[in-house]
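Everything on this sheet refers to the single structure shown next.
Quick note: the coordinates plus some simple rules give every number you see, no bench work behind them. Just so we're clear, the structure is a prediction, and the values are computed from it rather than from any experiment. Here the Cβ positions follow ideal geometry from the backbone for every residue, glycine too, while neighbour counts run over all protein chains shown.
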Amino acid sequence: MRIGELSRQARINVQTIRFYERIRLLPRPARTPSGYRCYSDADLERLQFIRESQQLGFTLNEIKDLSHFHEAMMRLPLREGTPSAELQAIIRIAQDRVAQVEDKIAMLAAIRRQLLSALKRLQSACPTCPASRPRARRSWN
């Protein structure tokens, strides 16, 4: 497929795809005799992996490492016992990310408590103002 089709399917801007090629996050594609880029389903899967990893908070450098390690892992059989150096590196990156996520959750919970406390004080001080009316609650499942 050409870059426009890849962009539509992956929901990623064409310029972003070219950027990923320049920084070698995405391998350089084959080209037609007329110079058009030709992408495969594997390229689409990689772009989806990149996008999902970014949504989880991984940096492009971390995604590059994860991609590299994932490819290495796919070539190596997983065995019981001592994990390979590649697998250990992936585990470390994931553990670091989990710790960062837990820190953010704790900070957000503290901010939520402070906002709810402030809102309660405002509502009790001004029982007829619009801010004191109960609002529909959002579900954050």
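Can you work out the Karplus-derived ³J(HN,Hα) for every residue in region 60-65? Use 6.51 cos²θ - 1.76 cosθ + 1.60 with θ = phi - 60°, whole Hz, and x for glycine or proline.
Ordered by residue, 3J(HN,Hα) equals 4, 5, 5, 5, 4, 4 Hz.
Place the peptides 19-26, 97-104 in order of packing, highest mean first, counting for every residue the other Cβ atoms within 10 Å and averaging per peptide.
Peptide ranking by packing, descending: 19-26, 97-104.
For Ser84, list long-range residues whose amide hydrogen, built 1.01 Å from N in the peptide plane, is under 5 Å from its own amide hydrogen.
For Ser84, whose amide H was placed from the backbone, there are no distant partners under 5 Å.
Would you mind classifying region 1-55 by shape? Square roots of the alpha carbon gyration tensor eigenvalues, ordered a ≥ b ≥ c; an a/c under 1.5 is rounded, otherwise it is prolate if a/b is larger than b/c and oblate if not.
Taking the square roots of the gyration eigenvalues as a ≥ b ≥ c, region 1-55 is prolate.
Kindly write out, for region 86-97 in residue order, the coupling ³J(HN,Hα) from the Karplus curve 6.51 cos²θ - 1.76 cosθ + 1.60 (θ = phi - 60°), rounded to whole Hz, with x marking Gly and Pro.
4, 5, 4, 5, 4, 4, 4, 4, 5, 4, 4, 5
Pull up all non-local amide H partners of Arg2: gap of 5 or more, or a different chain, and H-to-H distance under 5 Å with H placed in the peptide plane.
Long-range HN contacts for Arg2: Tyr39.
Would you mind putting 30-37, 6-13, 116-123 in packing order, based on average other-beta-carbon counts within 10 Å, highest first?
So the peptides 30-37, 6-13, 116-123, ranked by packing, come out 6-13, 116-123, 30-37.
FRET efficiency for Leu116 and Asp96, Cβ-Cβ distance as r, R0 = 25 Å, nearest 0.05?
The value I calculate is 0.20.
Under the Karplus relation 6.51 cos²θ - 1.76 cosθ + 1.60, θ = phi - 60°, what is the ordered set of whole-Hz ³J(HN,Hα) values for region 106-120, x standing for Gly and Pro?
5, 5, 5, 5, 5, 5, 4, 4, 5, 5, 4, 5, 5, 4, 4
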